[in-house]
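Notes to accompany the following structure.
Just so you know, all these numbers are worked out from the coordinates, no wet-lab data involved. All values derive from a computational prediction rather than experimental measurement. A quick note on method: Cβ atoms are made from the backbone with ideal geometry, for glycine too, and the neighbour counts reach across all protein chains shown.
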Amino acid sequence: MAEGADRRQDVTYRAPVGCVDLRAFDDDGNSYEIHACHDCLPWHAEVVVIEGEILVREWHAIGCPQFQQLTQD
């Protein structure tokens, strides 16, 4: 990334990352299908259990359009 460039637009492996927790199952108990994010390189996911609920934690570059959409919903 060029010096002085806006880090909020950085979606490379060096980009700052953030996460969002998503439900792993719908109300009928069916699991959600997960696809890798095509908008940022540092995307990865992990399964976490919080207060007995199974969640999928997705990590994205903070400048990723998908991450921006997920955090606004």
Discussion item. With a cut-off of 8 Å between alpha carbons and a minimum separation of six or more residues, what is the relative contact order of the stretch 17-71 in percent?
Written reply: 44
Worksheet entry | For the chain, built as a Gaussian network whose Cα springs stay under 10 Å, the top-fluctuating residue of A15, A36, A45 | A36
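What is the ratio of the Cα radius of gyration of the chain to 2.2 N^0.38 Å, with N the residue count, to two decimals?
Expressed relative to 2.2 N^0.38 Å, the Cα Rg reads 1.24.
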Worksheet entry | Nitroxide proxy distance, nm - points 7 Å out along Cα→Cβ at H44 and F25 | 2.7
Worksheet entry | Local net charge near V49, Cβ-Cβ under 14 Å (Lys/Arg +1, Asp/Glu -1) | -2
Worksheet, complete the sentence: Scoring only Lys, Arg, Asp and Glu (+1, +1, -1, -1) among other residues with Cβ under 12 Å from the Cβ of F25 yields -4
